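Only the coordinates and a few stated rules stand behind these numbers; no lab work does. Source: prediction; values computed, not measured. Neighbour counts run over all protein chains shown; Cβ positions are idealised from the backbone, glycine included.
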Amino acid sequence: MTKEEIENGTADMEIDQRELMNGERSELNAVPDGFNANYLKVYYGKLFPHADIFKWMSYGNDGKHPGCDESYFGRREFSFTLDNDIYLRFQSFNSVSQLENSIKEKCPFKIDIGPVYSVDPAKRHAYAQSGNNVFTPVEKELVFDIDMTDYDDVRYCCSGADVCLKCWTLMTIAIKVIDPALRDDFGFNHILWVYSGRRGVHCWVCDPKARRLTNEQRSSIAEYFRVYKGNENSQKKVSLTSSALHPFLLRSYKVLEEFFEGNLLSNQSLFSTEERYEKILEMIPDESITSELRGKWQDNKKSSISKENINVDRWKHVKKILKSGKQKGQGLGKCVEEIVFSFSYPRLDMEVSKHMNHLLKAPFCIHPKTGRVCVPIDPNHCEEFDPTAVPTLSKLLEEINMGGLGTDDDEWDRTSLGKSIRFFRSSFLQPLLKSCKEEIENSYNAKLQHSKTSLTW
Amino acid sequence: MDRLRVLKGIADGLSRGKKSEEMKNLADHLWKANMRHLDASEVVNKDIISHFVLRLVYCRTEDLRKWFLSMETNLFRYRLLFEKAEVQRALMAEFDLPYRAASNAELESVKEGLKQVAQSFGQPLAADAIFYKVPFEEVPELVAGRRVFIHKGYAYIAMNQVVSLVSTQFRSHLSKALILTNRKWTSTIREQEKDRLTPIVEALCSSYLGPDYSQPREFAEISIKDIDQIAKSSFPLCMRHLFEKLREDHHLKHGGRMQLGLFLKGVGLKLEDALAFWKAEFSQRVGSERFDKEYAYSIRHNYGREGKRTDYTPYSCQKIITSAPGVGDHHGCPYRHFSEENLRAALGKMGISNRAVEDVMDKVRNRHYQLACTLTFEAVHGTSCDAGINHPNQYFSDSQKVLQSKNQSTV
């Protein structure tokens, strides 16, 4: 990026707005798209919410209550990916200023969050000597990672790294399936959904119970959510038993069906070409049905059905014939559902969720390839989320320029990032901290009670 | 010993692929048949003592532990499943697990979900079904397989699932206990109990537990003139082979003489007839004088007429399978000791269909020699043999039974 070189010399982007005329403002403020150390320096200097991240990661252990664990934040692993792919693991900090200063100084291209260990990661080598495996993860949020490239076989609008509003529906569906299950089935409350910056979403489940889950338990939750099991080689990648579905799948199906029929059918033009509809026919294990459908559609090519309706119509044919029960072939019982699941059900990255020591990118980082901020997503309004409208680094810097001078603390609030940070605080951080404080108080009081009673003879 | 019979009965049932419902009933039947006692409190004692005695016996090698662990866990599971609901509930309360029976009010609120989960297994929900409310993280396998209804962090597990979980805990507890027992055994007890428990323990796991055929019962004694006919129709392969080789070579080495000789005794051959039979064969090879001098004595010995007058019992399958025939020997168990080729040929000679031969060979490959013999029996006689073959004389008497009933039905 050649413009970068021009920018290199101008680290100080703030220009006294009062000196400019209106017309010149936008030109001078314009910040070319990009991602580089200089941009990041400003971002980390003025926008990145260090204090909020610190409060979150402290989980109420801010030292204000005698029951607080003062070592807690210091035992959390962070990892920084610097320019030139230099990777620094086992970074730990003992205060918000240590965290903030280190980030500002090192200007990491990516910040990952790891587990809370039994001891400060910086001291891990000392404990390794004893050979007792004393350095071990003790807490970590339950996380999920859903990436659009895992759906490449069922989206036609984009492929690979690209994302558009049409296929973004798949992420919307994922949130609408997983979020209610986490709350209603598993009883979790403190859940944060974050845009991954390019083509996916991350989910952070932060309840105390979730943070203390073992690898086996995390694995079982991931398996509970797993339906899709396949690769290029298997024909049918979703296989549902022909008797009734588990309540979770039933509930999810309602969401899936709604989006499949109301959105994906048309947006992805699932039946519009022979290549595409053959893919669906492949999932029907009955020759007589597939040839009947094929015959019908090959004729239809000549008919006058408008392009828009062709997908809806053909899907209607499929449903009708499969549900008619005419041919009671084996494997047809839940065929309609299997097709819908294949095209829309969330595909999780199992490995991310299963291991306590997995490092996941921190919210509010900037994605190096797109420049977009990893902003939180409101699960209750996720249909409205537009990945193409997420603020980019350059846009934010522009906004800073336009904002003029003000107190340092508020600069983020005058940019597009403000909305995201406010949302993060009100819907996630504050309720979480309130509940953490309650827990700290309760367990402290319980300990006091216990030691009191154990002293009585 | 009785407990061991129960465990072996379970092992047998399982290797025949019996389904869970059948196994439950089988286990109960075996238990009642073997572990009863006039005094009710003694039943509990017998249960406890026999379990711990067998722990000693079966802790000593990896294979023994694996077998015992598997069978005891199965026994536990089937006994638990067999009990009525109230008993099960009471037992669960005793076990001190973090499982709490869900109250009716709780069940009402989640009834729809429970029904759906039950339907997903293809089983209707029983009206009075008991469910246990458990934090979901306690039952990861059930959650992972979507085999339970979960709500607000609690899983609602059905009774049979609870039994599985409890059995798993039982198993891991017993597993650890067996290893500890083994350690103590090898380090201290075995030496201490050298004169008391140790010999018993070491003999116990290999002993045969069925009737020992030392007193030939139901059948008329067979006579020599019938013997060829009977050999073809009712002898198990091991004895058929020995018999044919004897006819062929007019000789058998010691192992073969013992195995066949005692078998014939069990079948009902009287001493005088036995002597005549063996003499007739051997004299063609070594002459009658040598027979009288060298072989007659041992035949009389087998019948308890010489030496310390022990009436020797015919060998069980277990003993025959573990024997080690050498060069020139024809004893042992053909399913174990024959090459595949030879075994196929021998089975073919018995007139068994190719299909059946394949099934038999499959069992052999998996080292289920007695099951292979059982399948042979079934193929030859055209009937099923549920109890399985454990003793050559059992094969013989079962065979005779089948043939007699066939004769009667055709009359």
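Structure notes:
- Prolate/oblate/rounded label for segment B:232-274 (Cα gyration tensor, a/c 1.5): oblate
- Hz values of 3J(HN,Hα) by residue in segment A:265-278 - Karplus curve (6.51, -1.76, 1.60), Gly and Pro given as x: 3, 7, 4, 9, 6, 5, 10, 6, 10, 4, 4, 6, 6, 4
- Furthest towards positive pole of dipole, A:PRO285, A:LEU332, B:GLN284, structure part the protein assembly as shown, Cβ charges: B:GLN284
- Listed by chain and number, the aspartates and glutamates placed with their C-alpha closer than 13 angstrom to that of B:LYS184 are B:GLU193; residues fewer than eight positions away on the same chain are left out.
- Note on segment A:363-445: dipole from Cβ charges, positive end direction compared against A:LEU429, A:PRO387, A:ASN445; the farthest Cα belongs to A:PRO387.
- Rounded, prolate or oblate (a/c below 1.5 giving rounded, otherwise prolate when a/b exceeds b/c) for segment B:101-205 by Cα gyration tensor: prolate
- Taking the fewest neighbouring Cβ atoms within 10 Å as the starting point, the ordered list for A:HIS246, B:HIS381 is B:HIS381, A:HIS246.
- Applying 1/(1 + (r/R0)^6) with R0 = 30 Å to the Cβ-Cβ distance of A:SER118 and B:VAL44 gives a FRET efficiency near 0.05.
- Between 0 and 90°, nearest 10: helix B:20-34 axis offset from chain B longest Cα axis: 60
- Annotation: amide H-H contacts under 5 Å for A:TYR228 (H modelled 1.01 Å from N, sequence separation of 5 or more, or interchain): none.
- The 3J(HN,Hα) values that the Karplus relation (6.51, -1.76, 1.60; θ = phi - 60°) gives for segment B:286-293 are, in residue order, 10, x, 5, 5, 4, 4, 4, 6 Hz. Gly and Pro appear as x.
- Whole-number percent relative contact order across chain B, with pairs defined as alpha carbons under 8 Å at least 6 apart: 12
- Listed by chain and number, the lysines placed with their C-alpha closer than 25 angstrom to that of B:LYS232 are B:LYS245, B:LYS253, B:LYS265, B:LYS270, B:LYS279, B:LYS319, B:LYS349, B:LYS363, B:LYS401, B:LYS406; residues fewer than eight positions away on the same chain are left out.
- Remark on B:GLY304: its backbone amide H falls under 5 Å from those of B:TYR312, a criterion applied only to residues 5 or more positions apart or on other chains, H modelled at 1.01 Å from N.
- Shielding by partners for peptide B:135-143, expressed as the average number of C-beta atoms from other protein chains within 10 Å of each residue's C-beta, is 5.
- Neighbour-count order for A:PHE186, B:PHE170, fewest beta carbons within 10 angstrom listed first: B:PHE170, A:PHE186
- Per-residue ellipticity at 222 nm computed for chain B from its helices equals -20000 deg cm²/dmol, with DSSP H segments shorter than 4 residues left out and the rest contributing -39,500 (n - 2.57).
- In plain terms, the residue of B:SER41, A:SER102, B:SER223 with the fewest other Cβ atoms within 10 Å comes first and the most crowded comes last, giving B:SER41, B:SER223, A:SER102.
- The gain in end-to-end length when the A:ASN442 to A:LYS296 segment is fully stretched comes to 45.8 nm, 0.36 nm per residue minus the alpha carbon separation.
- Bridging of A:LYS320 to lysines at a Cα separation below 26 Å is possible for A:LYS236, A:LYS237, A:LYS254, A:LYS279, A:LYS296, A:LYS301, A:LYS302, A:LYS307, A:LYS328, A:LYS334, once same-chain residues fewer than 8 apart are set aside.
- Tensor-based shape of segment A:21-128 (alpha-carbon gyration tensor, a/c under 1.5 rounded, otherwise prolate or oblate): oblate
- Computed from Cα atoms, the angle from the helix B:254-267 axis to the main principal axis of chain B rounds to 80 degrees.
- Selection among B:ALA85, B:MET159, B:GLY9 by position relative to the dipole of chain B gives B:GLY9 as farthest towards the positive end (Cβ unit charges, Cα centre).
- Vicinal HN-Hα couplings computed from phi for segment A:87-97 (Karplus, 6.51 cos²θ - 1.76 cosθ + 1.60; Hz; Gly/Pro x): 10, 10, 9, 6, 7, 9, 9, 9, 7, 5, 5
- Cα centre as origin, Lys/Arg/Asp/Glu Cβ charges: the protein assembly as shown dipole, Debye: 3520
- Cut-off under 5 Å, modelled amide H: who pairs with B:ARG100 long-range: B:LYS133
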